[in-house]
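Some notes on the structure that comes next.
The values are calculated or read from the model by the stated rules, or taken from the named source; none is laboratory data. A quick note: this is a predicted structure, and the numbers were derived from the prediction, not measured. Note that we place each Cβ from the backbone using ideal geometry, even for glycine, and neighbour counts take in every protein chain shown.
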Amino acid sequence: MQKKPFVSHEKLKEITAKYPTPFHLYNEAGIRQTARDVYGAFSWNKGFREYYAVKACPNPFILRILKEEGCGVDCASLTELKLAEALGFSGDEIMFSSNETPAEEYEYARKLNAIINLDDITHIDFLAEHGGLPERICLRFNPGGELLIGSVYMGQPDASKFGMTRQQIFSAVQTLMQRGVRRFGLHALLASNAADNTYYPANAALLFDLAIDLHSRLGADIFMVNLSGGVGIPYLPEQRMPDIARIGEAIRETFEKKMAAAGMENTVLGTELGRFMTGPHGCLIATAIHKKHIYKEYIGLDACAVNLMRPAIYDAYHHITVSGKEDELCDHVYDVVGSLCENNDKFAIDRALPQIDDGDLVIIHDTGAHGFSMGYNYNGKLKSAELLLHPDGSFSMIRRAETPRDYFATFDFCDILKGVL
Ligand SMILES: *Cc1c(COP(=O)(O)O)cnc(C)c1O
């Protein structure tokens with residue numbers, strides 16, 4: 001089975017005539033459509049907001065598109081907050097869902113009046129000292145145990161470092177109410193890349209129950225339930241995209257049954273989708289530059305795990321299309337590899353593909369989230385450019401490629417490297 005790239009061979013030729021590979025290419029039309037689908041799915045909830053998880057694709061041009069579509073941002077570090085600030089996000093448009101948070105990050109988040117999402121009960125005093133307690137706050141819940149939806153095992157919250165126990169949530173709310181906090185949000189992220197329609201409604205039900213308990217036992221005003229991220233995408237060609245309209249509808253039914261019945265119909269829903277928003281709308285474009293035959297057949301690319309780390313660290317599948325050979329028979333079996341001195345630097349292992357020749361353009365799919373942003377600089381390899389394909393077929397550079405000067409920039413306090421700059 002094949003996956004259809006969002007960019008044609010002709011367009012890719014046009015783009016690579018101007019910008020050398022490797023680069024990540026994003027599809028503006030796709031990103032806007034997904035944002036509209038998400039807002040459509042939750043339009044029944046007044047005040048709903050998607051807080052795009054900035055770590056998935058921290059590019060200001062991408063964030064600007066999402067802002068135009070009505071999204072807020074979910075940040076977890078000082079630099080992510082600064083990105084948000086530069087783009088004009090503030091107040092309720094920013095979730096600060098951090099953990100093990102340094103003092104200056106809480107201070108910065110408070111300055112922007114972001115919605116602080118407290119990861120731990122001990123952070124109440126810490127935040128009070130560093131930035132001060134706000135009027136409204138969100139609390140991150142970890143239900144512990146094993147997460148089963150129906151009979152499907154979804155993960156092990158009790159082995160996750162995030163969030164507070166149920167008991168801690170109750171004491172945190174009590175303490176915070178005594179200390180003047182008036183409104184509360186609840187948040188949980190219990191799965192990653194859940195590519196079906198059941199995870200999000202299950203997470204919603206869990207949080208609605210907690211919200212109702214807190215409201216009825218402590219009189220807490222629950223202004224928001226934040227379902228966080230974790231909705232997956234079809235990396236494999238035989239998988240399907242989760243049906244966000246159906247997911248939204250299932251959550252609406254639970255909301256009616258639980259929240260509305262408890263008189264909490266004004267509670268606003270939030271999401272912090274990252275992967276689902278942009279994952280399928282990005283790809284890594286590389287050129288095949290070497291062919292090697294030893295015990296296996298290798299295709300060497302001009303990209304490497306520095307540009308896309310997921311296959312190396314998660315064994316993740318990313319579909320590959322050889323541009324211009326979409327209709328050719330996949331009668332060769334290759335390991336498609338990068339240039340790091342690391343044997344896990346393989347984009348694909350034993351993958352059936354058409355014959356690949358030096359100079360062929362290779363499209364590595366679904367890199368629009370947790371792709372470029374996870375990159376690192378091992379072997380002194382440099383990060384690539386990012387390009388944006390606009391709805392009218394034009395394209396532009398939205399981040400230039402790194403140069404050695406960028407790599408050496410942190411030695412600007414001395415002149416040892418002056419000779420190579
Ligand atoms: C990573 C993360 C997300 C986004 O996760 P996706 O899998 O990309 O949807 C949302 N919220 C928090 C707090 C996260 O850490």
Being over 22 Å from the mean Cα position of the chain (by Cα) and more than 16 Å from PHE23 (Cβ to Cβ): is that true of GLU326 here? yes
Test: residue in region 6-15 that is within 15 Å of the ligand (Cβ to nearest atom), assigned to a loop (DSSP other than H, G, I, E, B) and touching a strand residue (DSSP E or B) at 6+ places or on another chain (Cβ under 8 Å)
no
Test: residue in region 163-178 that is within 16 Å of the ligand (Cβ to nearest atom) and at pLDDT 95 or above: yes
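This table checks each residue for (1) closer than 29 Å to LEU236 by Cα; (2) crowded, with 17+ Cβ neighbours inside 10 Å; (3) not polar (S, T, N, Q).
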site	(1), (2), (3)
LYS381	yes, yes, yes
SER384	yes, yes, no
GLU402	no, yes, yes
CYS414	no, no, yes
LEU421	no, no, yes
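Are any residues in region 73-83 free of Cβ contacts under 8 Å to residues at least 60 places away in the same chain and touching an Asp or Glu at 6+ places or on another chain (Cβ under 6 Å), and if so, which ones?
Our first condition is that a residue be free of Cβ contacts under 8 Å to residues at least 60 places away in the same chain; within region 73-83, this holds for 73, 75-83.
The answer is LEU78, and nothing else.
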Cβ pairs under 7 Å, 6+ apart or interchain, first in region 87-106 and more than 20 Å from LYS161 (Cβ to Cβ), second part of a loop (DSSP other than H, G, I, E, B) and at pLDDT 95 or above, ordered by first then second residue, are SER90/LEU112; SER90/ASN113; GLY91/ASN113; ILE94/LEU112; ILE94/ALA114
The correct count of residues that are part of a helix (DSSP H, G or I) and away from the ligand (no atom under 16 Å from the Cβ) in region 106-158 is 11
When region 113-140 is checked residue by residue, the ones that are at negative phi and among the small types (Gly, Ala, Ser) are ALA114, ALA128
The condition from (1) away from the ligand (no atom under 16 Å from the Cβ); (2) in contact (Cβ under 8 Å) with a residue 60 or more places away in the chain; (3) of a type in the set (D, E, K, R) that ASP350 misses is numbered (2)
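Residue by residue through region 283-317, note down the ones that are outside any strand (DSSP E or B), surrounded by 22 or more Cβ atoms within 10 Å (Cβ to Cβ) and in contact with a strand residue (DSSP E or B) (Cβ under 9 Å, 6 or more places away or on another chain).
Filtering region 283-317 down to residues outside any strand (DSSP E or B) leaves 294-296, 302-317.
Pick out the ones that are also surrounded by 22 or more Cβ atoms within 10 Å (Cβ to Cβ) and you get 303-308.
If the condition is that a residue be outside any strand (DSSP E or B), surrounded by 22 or more Cβ atoms within 10 Å (Cβ to Cβ) and in contact with a strand residue (DSSP E or B) (Cβ under 9 Å, 6 or more places away or on another chain), then ALA303, CYS304, ALA305, ASN307, LEU308 are the ones that fit.
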Checking GLY274, GLY248 in turn, the sole residue that is within 13 Å of the ligand (Cβ to nearest atom), at pLDDT 95 or above and of a type outside the set (D, E, K, R) turns out to be GLY274
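Would you check if SER97 is in the same structural domain as GLY72 (by TED's automatic domain parsing), within 16 Å of the ligand (Cβ to nearest atom) and surrounded by 12 or more Cβ atoms within 10 Å (Cβ to Cβ)?
Judged against the criteria, SER97 is a match.
Here is a check on your reading of the model: is LEU236 under 20 Å from GLY40 (Cβ atoms) and either in contact (Cβ under 8 Å) with a residue 24 or more places away in the chain or touching a strand residue (DSSP E or B) at 6+ places or on another chain (Cβ under 8 Å) (or both)?
On the way: under 20 Å from GLY40 (Cβ atoms): no; either in contact (Cβ under 8 Å) with a residue 24 or more places away in the chain or touching a strand residue (DSSP E or B) at 6+ places or on another chain (Cβ under 8 Å) (or both): yes.
So LEU236 fails the test.
So that you can scan it fast, the table gives a plain yes or no per residue for (1) under 16 Å from LYS291 (Cβ atoms); (2) part of a loop (DSSP other than H, G, I, E, B); (3) at pLDDT 95 or above; (4) among the acidic types (Asp, Glu):
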site: LYS325; (1), (2), (3), (4): yes, yes, yes, no
site: ASP335; (1), (2), (3), (4): yes, no, yes, yes
site: ASN344; (1), (2), (3), (4): no, yes, yes, no
site: ILE349; (1), (2), (3), (4): no, no, yes, no
site: ASP358; (1), (2), (3), (4): yes, yes, yes, yes
site: ASP415; (1), (2), (3), (4): no, yes, no, yes
site: GLY419; (1), (2), (3), (4): no, no, no, no
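Which one is farthest from the ligand (Cβ to nearest atom) among residues in region 31-58 that are within 20 Å of LYS82 (Cα to Cα) and in a helix (DSSP H, G or I)?
Here is the first cut: in region 31-58, the residues within 20 Å of LYS82 (Cα to Cα) are 50-58.
Then keep just the ones that are in a helix (DSSP H, G or I); that gives 54-56.
On the way: VAL54: 9, LYS55: 6, ALA56: 5 Å.
Out of the qualifying residues, it is VAL54.
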